[in-house]
Amino acid sequence: MLKATYQPQPVKWVEIPKPDGGVRKLGVPCVVDRLIQQALLQVLQEQWGPTFSEHSYGFRPERSAHQAVAQAQCYIAEGYS
């Protein structure tokens, strides 16, 4: 990685059955690639996380779409539109 020569392996695609009969494709990286992804995530979250808006919910740890909707409903109840 330090020499900028690292190349990730191709993702293994797995089909997960859906309740309605269809399938959902799920990409599974190899163990080494997943380890590198997690290491980078930890470093980047620590560095950049504090700079994100308090109102940002997308792809944030400890945040969810349900929380975003609940917060929007609170703003509406307070008279914001």
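Computed from the coordinates by the stated procedures, all read-outs in this text should not be read as laboratory data. Everything quoted here is computed from the prediction, not taken from an experiment.
Let me know the Rg and Dmax you get for the chain when you use only its Cα atoms, in Å.
Gyration radius and largest Cα-Cα distance of the chain: 18.8, 55 Å.
Tell me, what HN-Hα J-couplings in whole Hz come from the Karplus equation 6.51 cos²θ - 1.76 cosθ + 1.60 at θ = phi - 60° for each residue of the stretch 23-36, using x for Gly and Pro?
10, 10, 7, 10, x, 10, x, 5, 4, 5, 5, 5, 4, 5
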